[in-house]
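As structure tokens, the structure follows; a few thoughts come after it.
Nothing in this text is a laboratory measurement; each read-out follows from the coordinates by a stated rule. What you are looking at is a predicted structure, and each value in this text was computed from that prediction instead of being measured. Cβ sites come from the backbone with ideal geometry, for glycine too, and all protein chains shown count toward neighbours.
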Amino acid sequence: METTKCLIIGGGPAGYTAGIYASRADMKPILIEGPQPGGQLTITTEVENFPGYPNGKSGPDIMNDIREQALRMGTDIRTGMVTEVVFSKRPFRCLVEDTQEILADTVIIATGATARWLGLESERTYRGFGVSACATCDGNFFRGRDVAVVGGGDTALEEATYLAKLCNKVYLVHRRDEFRASKAMQQRVFNTANIEVVWDSVPTEIVGEKKGFVKAVTGLSVNNKKTGENTVLPVDGVFVAIGHQPVTELFKGQIELDAQGYIVTRPDSTATNVPGVFAAGDVQDPHFRQAITAAASGCKAALEAERFLLQ
Ligand code: NDP
């Protein structure tokens, strides 16, 4: 069994930034990151809006820079999954990989959020065989081919413009007649010749072929809500970009979550309803969800954890 003043759960911009600040405050933090560290920025291409990179930089490179900085400050970064937490008494008990026990005076939760899926049976069938939630990870497989992107937020429009550079044609399927995405992003889509927006349409099935273990997508069936018409878009790939879900399963029953599963934090604070447990980044932020806002809340969480220990 080990003890620490500060345990940080999650290796994204929030977790690493908390590590930088907690290390500088001499809290000797332990940070547990999952097997694919770096958070959602690692599945992004060029990032133009993170301060300090005037010419933009790739998401994975930026994350690596922040991680290196946390390491240099002294954060003890370890790979593993936290499998159990007990927040009912202090120090807080956390189990890593069901075996390693860590007792922590404070905990900073920075587990982020993951992609949401449409929930179609056929989506499950073809996931990894033409259905993806990450254009930058899988777009390359569809070079010169036709694909569909589902969603109307910034992620969907960003994925569509990224794929338009690689693919022959991109159908952007949205369930309403206006986008939720920023105006700048919309303009980029409207100015891209090989993106066709399919308005008012709901995906009803991923169409594909199965030959033994070999599976391939051949189309996306959509239903137009205004006309009632069903159409099969002839595509080889479907990219689902309909938002994210907070990673909070582990904390159910331990701290307060809202109806969507986000951790509830006090106004202008990263404090949860359990004194000594703080939450930073996308896991408690359904609104901004930017790397820079996640990093900022990681900073706040570490400062609040330090103050908590001083009290
Ligand atoms: P959003 O929640 O903003 O958008 C989700 C989109 O998916 C909406 O258009 C929604 O439709 C649609 N949708 C949701 N559920 C379904 C469903 N079951 N079937 C079909 N469509 C569905 O998520 P994003 O991931 O796009 O963005 C999250 C946040 O991150 C936002 O704040 C965004 O601004 C930000 N972001 C910023 C970027 C940047 O600044 N570079 C890049 C990417 C994201 P409807 O509109 O009808 O609700």
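Of everything in region 206-246 that is in contact with a strand residue (DSSP E or B) (Cβ under 7 Å, 6 or more places away or on another chain) and outside any strand (DSSP E or B), the residue that is nearest to the ligand (Cβ to nearest atom) is Ile242. For region 274-309, the set of residues classified as surrounded by fewer than 24 Cβ atoms within 10 Å (Cβ to Cβ) and within 13 Å of Ala22 (Cβ to Cβ) consists of Cys299, Lys300, Leu303, Glu304, Glu306, Arg307, Phe308, Leu309, listed by residue number. Among residues that are of a type outside the set (Phe, Trp, Tyr) and touching a Lys or Arg at 6+ places or on another chain (Cβ under 9 Å), Thr111 is not included.
Taken over region 132-160, the criterion of being more than 14 Å from the ligand (Cβ to nearest atom), hydrophobic (A, V, I, L, M, F, W, C) and within 15 Å of Leu233 (Cα to Cα) is satisfied by Val147 alone.
Of all positions in region 109-119, at least one carries a residue that is within 15 Å of the ligand (Cβ to nearest atom), over 16 Å from Gly298 (Cβ atoms) and touching a Pro at 6+ places or on another chain (Cβ under 7 Å). When residues in region 247-285 are screened for being closer than 30 Å to Phe129 by Cα and either in a loop (DSSP other than H, G, I, E, B) or within 12 Å of the ligand (Cβ to nearest atom) (or both), 5 of them pass.
If you scan region 171-205, which residues turn out to be away from the ligand (no atom under 14 Å from the Cβ) and buried (at least 20 other Cβ atoms within 10 Å of the Cβ)?
Listed by number, the list holds a single entry, Ile195.
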